[in-house]
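Asks: I am attaching a structure below and will ask some questions about it afterwards.
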Amino acid sequence: MVAKLHSRYVSATDGFTVVGVAHSGAEALRAAERLRPDLVLLDIYLPDMDGIAVLRELRAAEQRDAARPTADALFITAARDASVVRSALRAGALHYLIKPFNQAALQEQLRHVAALRSRLDRLDEARQEDVDQIFGPRPPGSRELPKGLAPHTAELVERILREHPGDLSASECAEAGSLSRVSARRYLEYFAETGRAEVTLRYGGAGRPERRYRRIG
């Protein structure tokens with residue numbers, strides 16, 4: 001029943017398709033071998049083996065076959081023990097989502113996975129900002145801003161991005177933060193360049209399309 005519910009959550013997320021569902025560790029490994037999925041959702045508690053063992057065997061199988069693509073792994077489980085979370089990360093999990101969660105929480109993680117894969121696919125050489133998007137941000141204060149950008153304003157714009165429902169324009173950001181439109185756009189473009197925001201274009205009437213920004217992660 002839970003697997004069906006999660007399958008519906010995944011299927012309702014743009015860009016994602018459920019290619020298989022497994023109810024045991026052995027079944028999951030066979031399905032991954034046959035289907036070669038981009039992403040595997042794993043529980044810790046399985047009837048025959050725990051999900052971390054499944055992920056370790058999956059990684060070992062990928063290493064044995066150089067032509068086999070590597071699947072990302074996301075744990076969705078009720079296991080809360082810190083040692084289990086640590087083991088999942090060391091085994092190669094991309095993230096760990098604790099039950100109970102709602103559809104929006106899972107879909108947010110799925111979109112984050114998609115954004116990371118898309119970003120990496122476009123890169124020939126990674127910058128530190130790109131690496132931070134994969135392994136997590138550096139501690140506050142360690143990220144150097146380009147000349148002309150101030151840390152407190154960057155924090156303000158990032159907070160506006162985080163708290164704003166959906167996407168927003170530079171004008172809307174400027175109004176929310178009592179900034180000039182030019183200043184707001186500089187920070188928004190910086191976040192887009194460093195992978196912390198995505199940009200979409202909204203086409204209206206005559207003139208150039210409006211740039212809209214949405215926070216990633």
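The values are calculated or read from the model by the stated rules, or taken from the named source; none is laboratory data. A quick note: this is a predicted structure, and the numbers were derived from the prediction, not measured. FYI the Cβ positions are ideal-geometry reconstructions off the backbone, even for glycines, and counts take in every protein chain you see. Accessible surface areas use protein heavy atoms only, side chains included; no ligands, DNA or RNA. Shrake-Rupley method; radii C 1.70, N 1.55, O 1.52, S 1.80 Å.
Asks: Enumerate the helices (runs of 4 or more DSSP H) found wholly within region 1-113, keeping only those where 1 or more residues are open to solvent by less than 40 Å² (accessible area, probe 1.4 Å) and touching a Phe, Trp or Tyr at 6+ places or on another chain (Cβ under 7 Å).
Replies: Where helices (runs of 4 or more DSSP H) fall fully within region 1-113 and carry at least 1 residues being open to solvent by less than 40 Å² (accessible area, probe 1.4 Å) and touching a Phe, Trp or Tyr at 6+ places or on another chain (Cβ under 7 Å), they are 2-11, 51-64, 82-91.
Asks: Do you know which of the residues in region 177-217 that are among the small types (Gly, Ala, Ser) and touching a residue at least 60 places away in the same chain (Cβ under 8 Å) is least open to solvent (accessible area, probe 1.4 Å)?
Replies: GLY195
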